[in-house]
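Undergrad: Following this message is one structure expressed as structure tokens.
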Amino acid sequence: MARDTYLKKVLGDECFGRVQRTRVVMVGAGGIGCELLKDLLLTGYGEIHIVDLDTVTLSNLNRQFLFRKKDIDKSKSLTIAKAVQSFNYFGAKLVPHHGNIMDTNQFPLTWWSQFSYVYNALDNLEARRYVNKMCLFLKKPLMESGTTGFEGQIQPIYPYYSECFDCQAKVTPKTFPVCTIRSTPSLPVHCITWAKEFLFHQLFDESEISSMNNEEQIRNETDDVQEKENLAKEANELIDLRNQIKGLDGSAFIESLVVKIFQADIERLLLIDTLWKSRRKPIPLNFNALSTELQQLLHAKNNIISTDTKVWSVLENLFVLYKSGVALQSRLKSGKESFVSFDKDDDDTLNFVVAAANLRSSIFGIPLMSKFDIKEIAGNIIPAIATTNAIISGFSSLNGTKFFKHDYEQTGSVDFSPIVKESSTVFISIKPNKYITAASLVSPNESCPSSSLLSRGIMNLTNQELQENTLRWLVDELVKKYGYEDGDLSIIVGKSRLVYDVDFDDNIDSSLSELSGFEDGDLVLIQDENDELENLELYITVVNEPTTEKLPNIQLREKKAIKEKNEDEQGDSTIENNTNQDGTTMVIIEDEEDTDLVMIAEPASKKRRIAGEEYM
Amino acid sequence: MSLCKTRLQEERKQWRKDHPFGFFAKPCKAPDGSLDLTQWTAGIPGKAGTLWEDAVYPITISFPEEYPSKPPKVKFPANFYHPNVYPSGTICLSILNEEQDWRPAITLKQIVLGIQELLDTPNPDSPAQEPAWKAFSKDRTMYDKKVKEQAKRYVNAG
Ligand SMILES: [Zn+2]
């Protein structure tokens, strides 16, 4: 049987034909990328470009199955393109690019415009936001995907017709004051930061000075003389202990460590009354009371350390601290390593931090956490699970093919309303209640900075034009072309540098090339200060020959009109959702007794659908 | 990122149209001649009839990339005399604290008015420096004297 028999059956001849003739790009060749490229290749895409700036490292090999030990230090994109050749059954043309996707020299807007579909397989926010923006510029469909441990999601993005990547706010990590970490923790993350950045760092790492022992910062945050003295004393004693590590035997080292940090330091902290006026007082660890039980545990055969997702008891944490502390001590004693740095994949270091963080939490009445959860926080990096990546990649490629059921490429249409109705976002979570959820796509968020009240286009200028034309010329051209009332507009370049508004015309006679922010690939934001016209974002492209259309030929819409239109449309879609509810949200749960997937529709519906129909 | 810059220009526009009497606020000029919308200097006048009157106190306001999800950092000059100002000049005010009362809707105008209010009504429960806090809670005459001395130094500011 021919290899494409099933593909044709599943996709239909027409759709499969389009897939075979098309050119797509996959951005990122890591955890998701390795799975996704396999899927894209076996779906039959004609030409696949692969972009990644990284090289293969040892820690990739446990889940990025297209890489082998011999590939370490080689370019991911070049390696992955070679690795899949053995099953390139449909003869896809693979074009790897080793580089940063945000590099406008290597990947200018014209490069992007050759693709009919963009697959993201990225692991960082900045690059995701950038690709999202390029797709908005060119109105290219984008499949966004991501995983976090046992959870993952895909989001098909049809520019201006469905939510873009920026429509939903993303959570950013918070930073904590040193004194909260050192004296008055109230959250698990405070104790984890203390264990990793202060305790571990001061005891085992290269430099004795950690950011958590920064005198100036401590001085700035607290003027409590007692607290300051206390913090200095704590740190000095720890350094003394560090200096003795090689001389002490294992149990003596651990015992002095535990008694110091979980008993004496806490008792001293309790003496500072001002700290505990409105806080719960910490309760020092009673090492003597636990030592008999600890000895028993040490003599018994115990593999508590390998239970990642269980929350250990205080005694178990003490046991793990003992084991990992002794292991780290002997690594330093052996002389092979002169210091040990924290690495989430180095189990001795992770165990030590997990146990120390939990013991401190127990003292301050803070909930303890599992090793798995602490690893995620301490590593500042999301643990990668191969299974989740594989499932998400499957949904990503499967959902992406829906686009090719339509003839967008031939017609050049960017009216995505039909495809938006057929697509869905998918969320999966394989822990602890196994389920898959799909939801229909939602219209762009009205207050989204990237996709609402904004038009985009390209400004084509030659180098000579950039040198000859002044900012005044640009302002005049913008007013002429788009009709800003009273010329009341502002121009912002780069991240947040204002070059012009009615109250700031210092640069008006400078040429564009004199001002920074008008180079090839730069983005320029124009806003109507009267708030009537929508915002305009220009992508600067340096061309060789002067063009007649320097500014994009678009008509800026009135903000008021867009808002009214959005309100109307929202009214419509609510009604539609109500009448069509049984198809909009689906949940798949794994039956406890039977490992087959059972699908239920939510809310309860009359019709049952099979997975194939819903997700193709 | 995009939200940050549209919002900052909006703050600039609103400030230009309308700002409280006696205050000033403007973005700093970057070396390339543009205005850096993330770095501002501003002046807070002391309220009439208080120890702080007849002076304008300078502050710097830095907006992080995550603004307005995260609050700006606002500072007086180092060693500014006030119970709720850290020795570094950083102002301890709940509306400027991400974990407390900061909300993305808080405007520049509300921030500077909040700081003006704080000048004469310090919060004794969140001491940020020892000299002013001790004097404020134990030796009011000394506190008043120091505040007035400081006011004289900022008479011509702004
Ligand atoms: Zn959006």
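Just so you know, all these numbers are worked out from the coordinates, no wet-lab data involved. Here the structure is a predicted model, which means the values were calculated and not measured. Neighbour counts run over all protein chains shown; Cβ positions are idealised from the backbone, glycine included.
Undergrad: Zone of A:D531 (label point 7 Å along Cα→Cβ, backbone N under 18 Å): which residues in segment A:537-560?
TA: Only A:557-560 fall inside the zone, counting backbone N under 18 Å.
Undergrad: Any chance you could list P(r) for the protein assembly as shown, counting all Cα-Cα pairs in 10 angstrom bins from zero, rounded to whole %?
TA: Each 10 Å bin holds this share of Cα pairs: 2, 11, 17, 20, 21, 17, 9, 2, 0, 0.
Undergrad: Segment A:85-129: which chymotrypsin sites (Phe, Trp or Tyr not before Pro) are DSSP loop and have at most 13 other beta-carbon atoms within 10 angstrom?
TA: The qualifying sites are A:Y89.
Undergrad: Enumerate the residues in segment A:177-196 having an amide nitrogen under 13 Å from the point lying 7 Å beyond the Cα of B:E66 toward its Cβ.
TA: It comes to A:177, nothing else.
Undergrad: With r defined as the distance between the Cβ atoms of A:S413 and B:R16 and R0 fixed at 45 Å, what FRET efficiency is calculated, to the nearest 0.05?
TA: 0.55
Undergrad: Nearest 10 degrees, 0 to 90: what angle lies between the long axis of helix A:471-482 and the longest principal axis of chain A (Cα atoms)?
TA: That helix lies at roughly 60 degrees to the long axis.
Undergrad: Sticking with this one: What are the lysines whose alpha-carbon lies under 29 Å from the alpha-carbon of A:K333, with same-chain residues fewer than 8 places away excluded?
TA: Here the lysines satisfying the reach criterion relative to A:K333 are A:K196, A:K233, A:K246, A:K260, A:K301, A:K323, A:K344, A:K371, A:K375.
Undergrad: What are the extents of the Cα atoms of segment A:454-542 along their three principal axes, in Å, largest first?
TA: For segment A:454-542, the Cα extents along the three principal axes come out at 33, 26, 25 Å.
Undergrad: Starting at the first residue of segment A:150-162, write each ³J(HN,Hα) from the Karplus equation 6.51 cos²θ - 1.76 cosθ + 1.60 with θ = phi - 60°, in whole Hz, x for Gly and Pro.
TA: 8, 10, x, 8, 10, 9, x, 10, 10, x, 6, 10, 9
Undergrad: Round to the nearest 0.05 the FRET efficiency obtained for A:S86 and A:T57 when R0 = 25 Å and r is the Cβ-Cβ distance.
TA: For R0 = 25 Å, the calculated efficiency reads 0.60.
Undergrad: Here's another thing I want to ask about it. Going down the list A:K228/B:K75; A:K281/B:K134; A:K139/B:K29; A:K9/A:K74; A:K93/A:K550, which pairs span over 29 Å between their C-alpha atoms?
TA: Beyond 29 Å: A:K139/B:K29; A:K9/A:K74; A:K93/A:K550.
Undergrad: No other cysteine beta carbon under 4.7 Å away is the test; run it over the protein assembly as shown and list who passes.
TA: Singleton cysteines: A:C15, A:C34, A:C135, A:C164, A:C179, A:C191, B:C4, B:C28, B:C92.
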